[in-house]
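Here the structure comes first, spelled out in structure tokens, and everything after it is commentary.
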Amino acid sequence: MTTELNAGQEAANARKGAWALRLLLILTAMLWLTLVAASWTQGAQAAEAQESEQEYSFKWLDPEKKIYVLQNRRYLKANRLLLSALAGPGLSNPYRTTWGLEPRVAYYVREDLGLEVFYRRSLNSKNNAFEALVATNASVFPVIREIRGQYGALLHWVPWYAKINVFNKILYFDWYLSGGAGQLQTWINRDARFPNGEFVQQDLFGLFLGTGHQYHLSRSLTVRLDFSGAFYQAPTFGLTGEDVWFSDYNFTVGVGIRI
């Protein structure tokens, strides 16, 4: 009994450590992205300095100052394709470490409205929490579901456009909300008594919600941050039981080319 309690405590500690590591990775990625984006935008701004001088300089108001009007967009999205590649961790599986790669294609019919299709390929590996659970020599294990792929279509609504000062450099970005539907390709262990046993495929319909930023480094190059959630119904006990709602969350960082 003592051995099982100790192993259970180790499993809980391992899960906490895994979450802490994921949070640290996300914060580090966001800081790195901010620094790199500020550096890259410097070159683009220098190339357009002369144009901006004529467009935004109000000498009649104050010869020593300039007014930069927020509503005047420098980087436009409408009627252009955005080809993106993103990657990042999965945040929901307590017994698997998950990383995914997402190719995406988006088209904006207006500056505040667009459509995007995507595919996510996920790689799953056993984490420390799972290994600690196996060490308890328990007779029954929890249902383990691996989401190995998901695809769908998303509607993008972009209600916020902003300019921020990063280390005295102007960075332009859009903040969007997304929602849509698609399919999840999941694999689940056939028998909960054998955590390393055979996995069988179970494809499920899913609803997707998300939000993200697009940082415009030039008229063609964009850096993206995206946080998304998939919501799906599946049997309570994996292959049997009443259908209930589950969720799966992912954080990704990537680049986009606008053509």
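Anything in the range 216-228 that is surrounded by fewer than 19 Cβ atoms within 10 Å (Cβ to Cβ) and either modelled with pLDDT under 95 or in a loop (DSSP other than H, G, I, E, B) (or both)? List them, or say none.
Narrowing the range 216-228 to residues surrounded by fewer than 19 Cβ atoms within 10 Å (Cβ to Cβ): 218-221, 227.
The answer is SER218, ARG219, SER220.
Taking the conditions exactly as written (at pLDDT 95 or above, over 20 Å from ALA162 (Cβ atoms) and of a type in the set (A, V, I, L, M, F, W, C)), does PHE231 satisfy them or not? Quick ask: steps written out before the conclusion?
On the way: at pLDDT 95 or above: yes; over 20 Å from ALA162 (Cβ atoms): yes; of a type in the set (A, V, I, L, M, F, W, C): yes.
The answer is yes for PHE231.
Quick check on the range 71-92: of everything there that is among the aliphatic types (A, V, I, L, M) and farther than 20 Å from LEU113 by Cβ, which residue is surrounded by the most Cβ atoms within 10 Å (Cβ to Cβ)? I'd like the intermediate steps shown before the answer.
Residues of the range 71-92 among the aliphatic types (A, V, I, L, M): 76, 78, 81-83, 85-87, 91.
This time we only want the ones that are farther than 20 Å from LEU113 by Cβ, so: 85-87, 91.
Numbers: ALA85: 14, LEU86: 23, ALA87: 15, LEU91: 18.
Top of the filtered list is LEU86.
Taking the range 188-209 as the region of interest, how many residues are crowded, with 17+ Cβ neighbours inside 10 Å and touching a strand residue (DSSP E or B) at 6+ places or on another chain (Cβ under 7 Å)? Before the answer, list the steps.
Just the residues of the range 188-209 that are crowded, with 17+ Cβ neighbours inside 10 Å, to begin with: 188-189, 192, 195, 204, 206, 208.
Next, only the ones that are touching a strand residue (DSSP E or B) at 6+ places or on another chain (Cβ under 7 Å) stay: 188-189, 195, 204, 206, 208.
Of the residues in the range 188-209, 6 are crowded, with 17+ Cβ neighbours inside 10 Å and touching a strand residue (DSSP E or B) at 6+ places or on another chain (Cβ under 7 Å).
Residues of the range 70-87 being in contact with an Asp or Glu (Cβ under 9 Å, 6 or more places away or on another chain) and either under 22 Å from TRP160 (Cβ atoms) or part of a loop (DSSP other than H, G, I, E, B) (or both), which ones?
Residues of the range 70-87 that are in contact with an Asp or Glu (Cβ under 9 Å, 6 or more places away or on another chain), as a first pass: 72-78, 82, 84-87.
Selection gives ASN72, ARG73, ARG74, TYR75, LEU76, LYS77, ALA78, LEU82, SER84, LEU86.
Can you say whether THR240 is within 28 Å of ASN124 (Cβ to Cβ) and outside any strand (DSSP E or B), as far as the supplied structure shows?
On the way: within 28 Å of ASN124 (Cβ to Cβ): yes; outside any strand (DSSP E or B): yes.
Yes.
Mind listing whichever residues of the range 238-259 are at pLDDT below 95, surrounded by 13 or more Cβ atoms within 10 Å (Cβ to Cβ) and of a type in the set (A, V, I, L, M, F, W, C)?
Hit for the range 238-259 is LEU239, nothing else.
Given the structure, is GLY179 over 19 Å from GLY256 (Cβ atoms), assigned to a strand (DSSP E or B), at pLDDT 90 or above and in contact with a strand residue (DSSP E or B) (Cβ under 8 Å, 6 or more places away or on another chain)?
Numbers: over 19 Å from GLY256 (Cβ atoms): yes; assigned to a strand (DSSP E or B): yes; at pLDDT 90 or above: yes; in contact with a strand residue (DSSP E or B) (Cβ under 8 Å, 6 or more places away or on another chain): yes.
Yes: the conditions hold for GLY179.
If you take the residues of the range 184-199 that are in a strand (DSSP E or B) and touching a Gly at 6+ places or on another chain (Cβ under 9 Å), which of them is farthest from ILE164 (Cα to Cα)?
Ranking the qualifying residues of the range 184-199, first place goes to ASN189.
Residue-wise test of (1) loosely packed, with under 14 Cβ neighbours inside 10 Å; (2) assigned to a loop (DSSP other than H, G, I, E, B); (3) touching a residue at least 60 places away in the same chain (Cβ under 8 Å); (4) touching a Cys at 6+ places or on another chain (Cβ under 8 Å).
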site: PRO94; (1), (2), (3), (4): no, yes, yes, no
site: THR97; (1), (2), (3), (4): no, no, yes, no
site: ARG121; (1), (2), (3), (4): no, no, no, no
site: ALA132; (1), (2), (3), (4): no, no, yes, no
site: GLU146; (1), (2), (3), (4): no, no, no, no
site: PHE173; (1), (2), (3), (4): no, no, no, no
site: THR211; (1), (2), (3), (4): no, no, no, no
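Just a yes or no: is a residue in the range 137-158 touching a Phe, Trp or Tyr at 6+ places or on another chain (Cβ under 7 Å), closer than 20 Å to LEU225 by Cα and of a type in the set (S, T, N, Q)?
No, because not a single residue in the range 137-158 is touching a Phe, Trp or Tyr at 6+ places or on another chain (Cβ under 7 Å), closer than 20 Å to LEU225 by Cα and of a type in the set (S, T, N, Q).
The values are calculated or read from the model by the stated rules, or taken from the named source; none is laboratory data. Note that the structure is predicted; figures quoted are calculated from it, not measured. Here the Cβ is made from the backbone with ideal geometry for all residues, glycine too, and neighbour counts use every protein chain on show.
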